[in-house]
1. Go through the range 352-411 and give me each residue that's assigned to a loop (DSSP other than H, G, I, E, B) and hydrophobic (A, V, I, L, M, F, W, C).
2. So, in the range 277-300, exactly how many residues are touching a residue at least 60 places away in the same chain (Cβ under 8 Å) and among the aliphatic types (A, V, I, L, M)?
3. Quick test for you: out of Val341, Val335, pick the one residue that is surrounded by fewer than 13 Cβ atoms within 10 Å (Cβ to Cβ) and within 30 Å of Phe201 (Cβ to Cβ).
4. Can you pull out the residues in the range 301-317 that are without any contact (Cβ under 8 Å) to a residue 40 or more places away in the chain, part of a helix (DSSP H, G or I) and under 19 Å from Lys342 (Cβ atoms)?
5. In the list Leu383, Leu362, which residue meets the criterion of being surrounded by fewer than 18 Cβ atoms within 10 Å (Cβ to Cβ), of a type in the set (A, V, I, L, M) and either touching a helix residue (DSSP H, G or I) at 6+ places or on another chain (Cβ under 8 Å) or within 29 Å of Phe152 (Cβ to Cβ) (or both)?
6. Might you let me know whether the range 404-412 holds any residue that is within 24 Å of the chain's Cα centre (by Cα) and either within 22 Å of Glu216 (Cβ to Cβ) or in contact (Cβ under 8 Å) with a residue 24 or more places away in the chain (or both)?
7. Considering each of Phe334, Phe360, Phe302 in turn, give the residue that is modelled with pLDDT of 95 or more, within 30 Å of Asn392 (Cβ to Cβ), among the aromatic types (Phe, Trp, Tyr) and in the same structural domain as Asp282 (by TED's automatic domain parsing).
8. Which ones in the range 412-440 are among the small types (Gly, Ala, Ser) and at pLDDT 95 or above?
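The values are calculated or read from the model by the stated rules, or taken from the named source; none is laboratory data. Here the structure is a predicted model, which is why all the values come from computation and not from measurement. Every residue, glycine among them, receives a Cβ derived from its backbone with ideal geometry; neighbour counts consider all protein chains shown.
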Amino acid sequence: MQEFTIVDSISSYINFDEKIDSEITITGMVQNSRVTGWGGFIIIRTPNNNIQCVLDRNTLNIEPEAIKVEAAIKITGIVKSATIKDISIVPRNIEIHVKTVEILSSPSENPLPVDTTKKELNINLNTNFDKRPLTLRHPRQRAIFRISSTIFNEFGNFLTTNGFTRICSPKIVKTGAEGGANIFKLDYFETNAYLAQSPQFYKQIMIGTFGRVFEEAPVFRAEKHDTSRHLNEYISLDLEMILENGFTDLIQVETKLLKHIFSKLNELCSNELELLGVTVPDIEKIVTIKFDDVHDIIFKEFNKDYRGEKDLAPEEESLICGYAKKNWDTELLFVTHFPTVKRPFYTMDDPDDEGKTLSFDLLFRGMEITTGGQRLNVYDDYLKKMKSFGLNTELFDSYLQSFRYGMPPHGGLGLGLERLTALICGLSNVKEASLFPRDINRLEP
């Protein structure tokens, strides 16, 4: 048997302020290198930092020219106070005066196919995605996915703190949550199966167990859209909960949830937000507007006639968000009471407004990021609604069990991680907010 002592050797968690004038050893990747006659500088990329390191040719154990960009190295040196203006460097109040460098590996390609030392990558999307293992190392790309990671983590942290239980639902299913449209089919031991479009059925089933549940996981949509708004695989942040006061409970919860996430982004990702030159909104109020009223405003204010349409057009989403920011001082707008024909069969109809549902979309900076609403919870109501939608109830028997056994009033929502990340980071294409995007043209890397 061999025993090891537990030590804190993870350099990214070192408090550098406490290490001024002390010797330190860290391992990382060379983000950038600038060689001069006397030595030069390198930026070393560690899990949470880009650290400036000073090289003195007279005292260094190797020639500075031997240290290549994207080499993996281990350095030992003295931490010194510094004032650094480059916002891609973190922290900016220290630097390391290097004594020794050990090269652990160097790139086999020279030059590299993409120059990640530039302030901006300035490459097209296909090159960005084709060379993703390299382009993701750029500081701005790292910032995007640090922000994405924080959104993901804080979604779960907030809900766990507020009595929600995390679930993990199957991604190989017998039938689609949306009634069979836009679904990927696969062979499953000589029978048909599908990739899950949504954890919807399982969220509802688990309401009978826990009352409040959430999931953060990929979903799959076989939509043949090649636009800046769509992905065929994305991360859906889902929740479902018992409703005490109707579907407006969901609007209250999501507002508090986003307020928490935005606060944490300011706290934990201030360097990343600064690097990208973006801000997150302060949420001071909830603004809701009915679906039909959006059509009316767009017609009256912009002379665009979408009245009679059963869904919001992308142009409407953009225009009404601009209108809301100007007139109501909000970047978040809940649009409620969508038509029954445009909502899934499990959505509860509004008893006071025939043809409308107790549902909503959340619009943010010109785009829908959330769809949610109250669900049916009575078994007979499901049979009637599914019949009106032309659905075979036998195909949904395992799902309908929950309602035969009794189910409280409940509802939920789904929030697209990539869309929210893209809108916060000011990205023009949602694919840029996906580590390895999947669309109708891309299956690798």
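1. Of everything in the range 352-411, those that are assigned to a loop (DSSP other than H, G, I, E, B) and hydrophobic (A, V, I, L, M, F, W, C) turn out to be Leu358, Leu376, Val378, Phe389, Leu391, Met407.
2. Selection size over the range 277-300: 2.
3. On inspection, the qualifying residue turns out to be Val341.
4. Glu315, Glu316
5. Leu383
6. yes
7. Phe360
8. Gly412, Gly414, Gly416, Ala422, Gly426, Ala433, Ser434
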